[in-house]
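For reference, the structure is listed below as C-alpha cells.
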Amino acid sequence: SNLGYNISSLLTGLGVGGIAVGFALQSILEDLFSAFSIYFDKPFKTGDTIVFGEERGKVRKIGIKSTRVKTLKGDELIVPNKELTSSVVHNYRRMEKRRVSFTLGVGCDTSVKQLRKVPDMIENIINKVNLASFDRAHFVEFGDFSFDFHIVYYIDSPDFRTYRQIQHEINLGILDQFNKENIAIPYPTQSVFLKRS
C-alpha cells in the first residue's frame with residue numbers, strides 16, 4: 001500500500017479464492033474422515049457382501065476417497081466413503097445364520113385331514129436338508145384362492161449361494177411330497193356361472 005498499490009482487490013481475490021478452495025476441500029476431507037471411520041470402526045472389510053440403499057455386492061477395495069463394490073450383476077460400483085458412512089449398511093458376512101420366512105398356499109379343496117399333515121411334512125422336508133433347521137409352520141389364513149401356511153426355517157450359513165441351493169432343495173421337496181399326498185398348490189382362478197332365462 002505504501003508503494004502505491006491498491007491491495008483491497010488483492011485481499012478480496014485471496015478471500016474468494018480461499019472460500020473456493022475450502023469448498024473444494026470439504027468433499028475430499030469428508031471422504032477422508034469417512035475412510036478413517038471405516039478403517040477404525042470396521043463396519044465391513046474387503047470380501048464382505050454388503051447391501052446399502054438398493055445396491056448389493058462384494059467389497060473389493062476400500063480406498064481413501066471411495067470403496068469399490070462388485071455387484072451381483074458383475075459391474076463395479078465406485079462409492080464415495082461419505083455415502084457408505086451416512087447410510088444403513090447390511091453386512092451379510094457377519095450373519096451367523098439366515099432366517100427364511102415364506103407363505104405357502106394349498107388348494108381350497110384340501111381336506112382338514114390333509115391340512116393337519118402339512119406342518120409335519122414341511123418339518124420333515126426341511127430337517128432332511130443339510131444346514132437347514134425347521135422353526136415353525138402354521139395354517140394362518142383363508143386366502144382368496146388358497147389355505148395359507150406361514151413357514152419359517154433357519155440356514156446355518158451366511159453364504160448367498162448356499163441359501164439359494166437350500167431353498168431350491170426345500171421347494172422341490174415340498175412339491176414332490178405334495179404330489180404324493182395329492183395336495184394341490186393353487187393358482188388364481190375365477191368361476192363364471194351362466195343362467196339361462
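The values are calculated or read from the model by the stated rules, or taken from the named source; none is laboratory data. Here the structure is a predicted model, which means the values were calculated and not measured. Using ideal geometry, Cβ is built from the backbone for each residue, glycine included, and neighbour counts are taken over all protein chains shown. Side chains included, ligands, DNA and RNA excluded: accessible areas come from the protein's heavy atoms. Shrake-Rupley method; radii C 1.70, N 1.55, O 1.52, S 1.80 Å.
Could you tell me which of the pairs Lys45/Lys128; Lys42/Lys97; Lys58/Lys97; Lys61/Lys97 are separated by over 28 angstrom between their Cα atoms in the structure shown? Don't skip to the end; give the middle numbers.
Numbers: Lys45/Lys128 34 Å; Lys42/Lys97 21 Å; Lys58/Lys97 18 Å; Lys61/Lys97 26 Å.
Violating the 28 Å Cα-Cα cut-off are Lys45/Lys128.
State the dimensionless ratio Rg/Rh of segment 40-197 (Rg: radius of gyration of Cα atoms; Rh: Kirkwood radius).
1.16
Could you give each residue of segment 160-173 its phi-based ³J(HN,Hα) in whole Hz, using Karplus coefficients 6.51, -1.76, 1.60 with θ = phi - 60°, and x for Gly or Pro?
5, 5, 4, 4, 5, 5, 5, 4, 4, 5, 5, 4, 5, x
Can you give the log10 of the normalised intensity I(q)/I(0) at q = 0.13, 0.20, 0.27, 0.30 Å⁻¹, computed with Debye over equal Cα scatterers of segment 119-170?
-0.35, -0.71, -0.99, -1.11
Are there GluC sites (Glu not before Pro) in segment 125-197 that DSSP marks as loop and that have at most 14 other Cβ atoms within 10 Å, and which are they?
Working: sites: Glu141, Glu169, Glu181; in loops: Glu181.
Within segment 125-197, the qualifying GluC sites (Glu not before Pro) (loop, at most 14 other Cβ atoms within 10 Å) are Glu181.
Determine which aspartates and glutamates satisfy two conditions relative to Lys113: a Cα distance under 14 Å, and not lying fewer than 8 residues away in the same chain.
Glu181
With a 1.4 Å probe and all protein chains kept in place, how much accessible area does Arg94 have, in Å² rounded to the nearest 10?
140
Determine the share of segment 88-197's accessible area contributed by carbon and sulfur atoms, expressed in whole percent, with a 1.4 angstrom probe. Mind showing how you got there, number by number?
Details: 3750 of 7830 Å².
Exposed carbon and sulfur together represent 48 percent of the surface.
Normalised by the empirical 2.2 N^0.38 Å for globular proteins, what value does the Cα Rg of segment 29-116 take? Intermediate values should be presented prior to the final figure.
Working: Rg = 19.8 Å, N = 88, 2.2 N^0.38 = 12.1 Å.
The value comes to 1.64.
Using a 1.4 angstrom probe, figure out how much accessible area segment 70-148 has per residue, in square angstrom, rounded to the nearest whole.
On the way: 5240 Å² over 79 residues.
Dividing the accessible area of segment 70-148 by its residue count gives 66 Å².
In square angstrom, rounded to the nearest 10, how much accessible surface does Phe36 have for a 1.4 Å probe?
Accessible surface of Phe36 is approximately 100 Å².
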